[in-house]
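Following: one structure in structure tokens, then a few remarks.
Where a number appears in this text, it was derived from the coordinates with a stated rule and is not lab data. Note that this is a predicted model, so its numbers are computed, not measured. Positions of Cβ are generated from backbone atoms using ideal geometry, with glycine treated the same way; all protein chains shown enter the neighbour counts.
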Amino acid sequence: MKLVFLHGLGQDKTAWDDVIAALPHYDCLALDLFDEGKMPENFTTLVEQVATELKGIEEDFVLIGLSLGAMLALALSDHTLPHIKGFIVSGAQHDLKRSFLYKLQLLGLQLLPKSFFKKQGVEKDSFLAFSKSLSILDLRETIQQIDLPALILCGQKDKPNLLPARKIAELIPNARLSVIKKGGHLLNTKMPIVFAKEITDFLKYESF
């Protein structure tokens, strides 16, 4: 079983290095979502780009995403991917369209100087445009159609994402929720061993 990893915003594929290192017996592939830090025009464009990459995989795989990568994984459930067998999502949101907190975050981002974004390796205008495209995200109906096993992860300290995680686990028919004790949002870089164990436990539980 191949494991395909999707990183979060502000990360690149190396954010999964420590998780992958803890999974030596698995075939792992971490995708870079942004070519040299260049943001796609919008979230829909990113979904289509990644869907094209995933359709090129000719073996069974589980899709694993954190934060933006988690939302991306959930959105990709609406695409025809013959070899996908399950989902693991961490720190996910599924309904930013109705999130007041996200609207506040967007306002805060607009006030930051261009130098802040430059240090992150992105341009302010493209970052804001992409972030604004997420403000219409509503995956409630999409994820109710997922008929594959799913593991929903969230750090105990990741307060903004705890309620969405529980809701996502309720909406996906064959999903279970695991709240990581003392964990924050960036579980892939801060608690890679724990994250890797959650993956292996899921694979064993589902007999992959």
Next on the checklist: I need to check one value: relative contact order of the chain, counting alpha carbon pairs closer than 8 Å and at least 6 residues apart, in percent.
Outcome noted: 23 percent
Item to check | Diffusion coefficient, µm² s⁻¹, Stokes-Einstein with Kirkwood Rh over alpha-carbon pairs of region 1-109 at 37 °C and 0.692 mPa s | outcome: 225 µm²/s
Checklist outcome for this item: For Gly86, other-chain or 5+-apart residues with amide H closer than 5 Å (H placed, Pro excluded) are Leu63
Item to check | Distance from region 1-73 to region 184-208 (C-alpha centre basis), Å | outcome: 15 Å
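Loop-only trypsin sites (Lys or Arg not before Pro) in region 137-197, please: DSSP not H, G, I, E or B, and at most 11 other Cβ atoms within 10 Å.
Working: sites: Arg140, Lys157, Arg166, Lys167, Arg176, Lys181, Lys182, Lys190, Lys197; in loops: Lys157, Lys181, Lys182.
The qualifying sites are Lys181, Lys182.
What's the longest bit of the chain with no exposed GluC sites (Glu not before Pro), using DSSP loop states and at most 13 other Cβ atoms within 10 Å as the test? Provide the component values of the computation, followed by the final result.
Numbers: sites that count: Glu36, Glu41, Glu58, Glu59.
Looking at the chain, 60-208 is the longest stretch - no exposed GluC sites (Glu not before Pro) with at most 13 other Cβ atoms within 10 Å.
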Checklist entry - What full-extension length gain, to one decimal in nm, is calculated for Glu123 and Ala22 as 0.36 nm per residue of separation minus the Cα-Cα distance? => result 33.0 nm
Checklist outcome for this item: Spelling it out for Met39: with amide H atoms placed in the peptide plane at 1.01 Å from N, the residues 5 or more places away or on another chain with amide H under 5 Å from its amide H are Glu123
Checklist outcome for this item: Put in order of increasing Cβ neighbours within 10 Å, starting from the fewest, His83, His185 give His83, His185
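Tell me, what is the FRET efficiency for Asp201 and Ser135 to the nearest 0.05, using R0 = 25 angstrom and their Cβ-Cβ distance as r? Can you show the working numbers first?
On the way: r = 35 Å, r/R0 = 1.38.
Efficiency, from the Cβ-Cβ distance: 0.10.
What is the ratio of the Cα radius of gyration of region 7-54 to 2.2 N^0.38 Å, with N the residue count, to two decimals? Don't skip to the end; give the middle numbers.
On the way: Rg = 12.2 Å, N = 48, 2.2 N^0.38 = 9.6 Å.
In units of the globular-protein estimate, region 7-54 measures up at 1.28.
Find the percent of Cα-Cα distances in region 105-195 that exceed 23 Å, and round it to a whole number.
That fraction is 46 percent.
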Checklist entry - Computed FRET efficiency, Cβ-Cβ of Asp32 and Phe116, R0 30 Å: what is it to the nearest 0.05? => result 0.85
